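Step one of this worksheet: look at the structure below.
The values are calculated or read from the model by the stated rules, or taken from the named source; none is laboratory data. Given the structure is predicted, the values throughout are model-derived calculations rather than measurements. Neighbour counts run over all protein chains shown; Cβ positions are idealised from the backbone, glycine included.
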Amino acid sequence: MTVIVLALDALDAGLVEYFDLDAFRLTSSGDLETFANTQELPYTPEVWATVATGLSPEEHGVTGGGTSEWDNPVLEGLSRISGRLDESTRGTLGKFIRSQTGERERIGRTDAASIFDAEDAAVHNWPGVADGRPLQRAWDLMNAVAEGMPRSTFERELFGQCAQQFAWAREMLRHPVSIAGVHVHALDAAGHAYADDEDALRHVYVRVGEFVEEVADALEDGDDLLLLSDHGMRTEFYPPDAGENSATHSWRAYTSATTDTRPESVFDVRAWVDAHVSDTRVERENDGSREAINVPEDHLRELGYLE
């Protein structure tokens, strides 16, 4: 059957309890040990690449300037020099360069093996491993909020992207997939935007929780769900954050699973998933799923789809 891994960026263990949201509390749940490498706090591309590979940033390569890549060699060199700047400063610099040059950075990808390399695995929008464009769109949305985007527009775009990503996860349950992983940046974007607005951030947590429940309800016998975050988010209203800079990452990463066990650290996730999937891997050698599809190539050439 299938193990669904939802990478819920910035899902904060403390805020799950503060908002008292059962949607995120599966069979087993609790804190997840995370790390910081090039910055003082956990940084999205570095941590998610580690989750997928089980390796440190120095080993998987998505670290410092390697968290973004530019086609222009001069801009690539500047990116590496700025690797230890905080996320906000890097974002501001990147936006300035894009506006002046028309160039666009890419999220760096690792060449290391990951949990998604198996033939019957599927992955969508996983920083450091798969297509990084949805994450870039989320970052662009955060910049637009800083420039005055109305709340209604922000939430429409935020939840629209979120709905697509959760729908992808549910669809994978209908296919012979052993593991399906998708990264969702909604809570991180909302955490930066609503760190001073308890009601607004609670609303986003509740809505994302509803998406999680839809995936959980779609599970069949033998399927399992794993929730992970790379870090949490400090707010002005959460008592333990008093005296801290709000709208910055916290150390309160979180994990929850429909199984009796769960990973204890971001470094443990790959081994945990590999062990779990080995017990549920789909046997489909005789079900026809590996048969080739007979495509009418001549007709496709006539239509201009093939050269």
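The table for this structure:
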| read-out | value |
| --- | --- |
| Matching option when the condition is modelled with pLDDT under 95, loosely packed, with under 15 Cβ neighbours inside 10 Å and in a loop (DSSP other than H, G, I, E, B), among Glu302, Glu283 | Glu283 |
| Long-range neighbours under 7 Å by Cβ, at least six apart or interchain, first residue farther than 25 Å from Glu213 by Cβ and aromatic (Phe, Trp, Tyr) within the stretch 257-281, second at pLDDT 95 or above and buried (at least 19 other Cβ atoms within 10 Å of the Cβ) | Phe267/Thr50; Phe267/Gly54 |
| Matching entry among Ala23, Ala36, Ala52, Ala7 (being closer than 21 Å to Asp199 by Cβ and either at pLDDT 95 or above or part of a helix (DSSP H, G or I) (or both)) | Ala23 |
| Residue match in the stretch 181-203 (condition: over 16 Å from the mean Cα position of the chain (by Cα), at positive phi and at pLDDT below 95) | no |
| Residues satisfying the stated conditions in the stretch 10-20, i.e. out of contact with any helix residue (DSSP H, G or I) (no Cβ under 6 Å at 6 or more places or on another chain), touching a residue at least 12 places away in the same chain (Cβ under 8 Å) and part of a loop (DSSP other than H, G, I, E, B) | Asp12 |
| All positions within the stretch 1-28 that are crowded, with 17+ Cβ neighbours inside 10 Å and over 20 Å from His185 (Cβ atoms) | Met1, Thr2, Val3, Tyr18, Leu26 |
| Count - residues of the stretch 183-201 that are in a loop (DSSP other than H, G, I, E, B) and buried (at least 23 other Cβ atoms within 10 Å of the Cβ) | 2 |
| Test: residue in the stretch 93-111 that is modelled with pLDDT of 90 or more and surrounded by fewer than 18 Cβ atoms within 10 Å (Cβ to Cβ) | yes |
| Matching residues, the stretch 127-148, being over 17 Å from His192 (Cα atoms) and part of a helix (DSSP H, G or I) | Arg133, Pro134 |
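Residue-wise test of (1) under 30 Å from Ala218 (Cα atoms); (2) modelled with pLDDT under 95.
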{"position": "Val129", "(1), (2)": "yes, yes"}
{"position": "Gly132", "(1), (2)": "yes, yes"}
{"position": "Arg137", "(1), (2)": "yes, yes"}
{"position": "Met142", "(1), (2)": "no, yes"}
{"position": "Gly148", "(1), (2)": "no, yes"}
{"position": "Glu155", "(1), (2)": "yes, no"}
{"position": "Phe159", "(1), (2)": "yes, no"}
{"position": "Gln164", "(1), (2)": "yes, no"}
{"position": "Trp168", "(1), (2)": "yes, no"}
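Residue-by-condition table, conditions (1) touching a residue at least 24 places away in the same chain (Cβ under 8 Å); (2) exposed (fewer than 14 other Cβ atoms within 10 Å of the Cβ); (3) within 22 Å of Arg207 (Cα to Cα); (4) touching a Lys or Arg at 6+ places or on another chain (Cβ under 7 Å):
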site: Ala118; (1), (2), (3), (4): yes, no, no, no
site: Ala121; (1), (2), (3), (4): yes, no, no, no
site: Gly132; (1), (2), (3), (4): yes, no, no, yes
site: Met142; (1), (2), (3), (4): yes, no, yes, no
site: Gly148; (1), (2), (3), (4): no, yes, no, no
